Amino acid sequence: MKKVIFCILSFLLTIMLSSCSDLITNQKDSISIIGNFNNEVEIGTIYEDPGINIPNGYYLKKEEGIKLPLVGNEYEIKYKVYSPSGELVKELSRYVKYVDTTGPTYETTDIDRLTAGKEYELSDFIADYNDNSTNKSSIVISSDLPKIFSISGNTTINIEFKDKYGNTTTYNETFHVVFNLNNIIKYWKDQKLIKTTNSSDGKKLEINAGSNLKFEYYQNTKTLYMYKYINSELGSKVYISIFGATNNFKNTNIVFNVYNNGLTSTGKVVIDGTKNYYDMSFNKFDELSNRLQLDESRMLEEFNKYFLDFNAEFNMYKHYDWESLF
């Protein structure tokens, strides 16, 4: 009988030990890292450790390696899990690497408009700039500043900041350039843009005021010409010219010129230059020479897009004392 009881107790003990072993194994297997083993953290920020999963009653000791926040450096987070009895059950590690994926930052000034003829530089638009990993002196800045705007209208300022890891940030703002003729004339003089030559009509002033703007003034006839080049699918070179005698703008001529493959098409209208035009379009040219055989309605459509702005710009220049520039 004692043998039977001993056998039964031994059997039950074996079952209990096996169950305990399975329980310990299952609990050990349930210990796991939350998230990824390998992680990246943006330089200048703090990595938020999501921790690990551990069974109830177990406790954790965490050790973090030396943090040297430089791009490319890595540190280790060690997790040591202990059973309720204090036995070390499992060790896990997570690795965190510092990276830089963001471009430099900048603070803007309160500038809201520009004046033609005045020189502008970086500090007129940017109050300060910095980066989370690159020294300020090593940030590469690309722009076309300093710059003097020689004509009025809208212009866009682009400034690119690049850190040593190739991350970029771009300042892109559009401003209205306020017309100031005295500043513009001074700019032309300072830049030696005013050329004086002799022509069949006597002395001639020629001013290349920008990539798409040009003036000519003829002393004998007192006639002022303004040329404005535009982008158009009608031809490889397209511009509008407007001209009139400075002592009588009543008959002001505006010509739409299209060049392509050595051929030219021109359409001309004549307006009363003493009047202001705020809403006007044309359905026919007064004169048309059409060697390119373009559709006149298509030429007029393109011309009407620019007429009002072009004429308004001419009005800002035409009353200047052009004789004083000789």
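Computed from the coordinates by the stated procedures, all read-outs in this text should not be read as laboratory data. Keep in mind that this is a model prediction, so the values were computed, not measured. Cβ: placed from backbone, ideal geometry, glycine included. Neighbour counts: every protein chain shown.
Provide the convex hull volume over Cα atoms per residue for the chain, in Å³. Write out the running numbers ahead of the final one.
Working: hull volume 86.8 nm³, N = 326.
With only Cα atoms used, the chain gives 266 Å³ per residue.
Taking Cβ atoms as reference points and 11 Å as the exclusive limit, the residues near Thr101 contribute a net charge of -4, counting Lys and Arg as +1 and Asp and Glu as -1. Angle of helix 181-190 to the longest C-alpha principal axis of the chain, folded into 0 to 90 degrees and rounded to 10: 90°. Could you let me know the centre-to-centre spacing of the stretch 127-203 and the stretch 220-234, using Cα atoms, in angstrom? Cα centres, the stretch 127-203 to the stretch 220-234: 24 Å. Axis angle, to the nearest 10 degrees, between helix 2-29 and the longest C-alpha principal axis of the chain: 10 degrees. Against the chain, whose longest principal axis comes from its Cα atoms, helix 296-317 is set at around 80 degrees. Taking every DSSP helix (H) stretch of at least 4 residues in the chain, weighting each as -39,500 (n - 2.57) and dividing the sum by the residue count yields a mean residue ellipticity at 222 nm of -6500 deg cm²/dmol. Each Lys and Arg Cβ is given +1 and each Asp and Glu Cβ -1; about its Cα centre, the chain then shows a dipole of about 380 debye. Restricting the calculation to Cα atoms, the stretch 31-99 yields a radius of gyration followed by a Dmax of 13.4, 42 Å. Per-residue Karplus couplings for the stretch 146-159, computed as 6.51 cos²θ - 1.76 cosθ + 1.60 with θ equal to phi - 60°, are listed in order as x, 8, 10, 8, 8, 9, 8, x, 9, 9, 10, 9, 10, 10 Hz, Gly and Pro entered as x. If you add up the charges near Tyr187, with Lys and Arg at +1 and Asp and Glu at -1, over every other residue whose beta carbon is less than 13 angstrom from its beta carbon, what do you get? The answer is +3.
What is the sum of charges, Lys and Arg at +1 and Asp and Glu at -1, for the other residues whose Cβ falls under 11 Å from the Cβ of Ser152? Show your work: numbers first, answer last.
Values: positive: Arg113; negative: Asp309, Glu313.
Net charge around Ser152: -1.
Strictly over 18 Å apart at the Cα level, which of Lys28/Lys61; Lys186/Lys250; Lys147/Lys192; Lys61/Lys90 would you flag in this model? From Lys28/Lys61; Lys186/Lys250; Lys147/Lys192; Lys61/Lys90, over 18 Å: Lys186/Lys250.
Using Cβ point charges alone (K and R +1, D and E -1), the dipole size of the stretch 105-178 about the Cα centre works out to roughly 180 debye.
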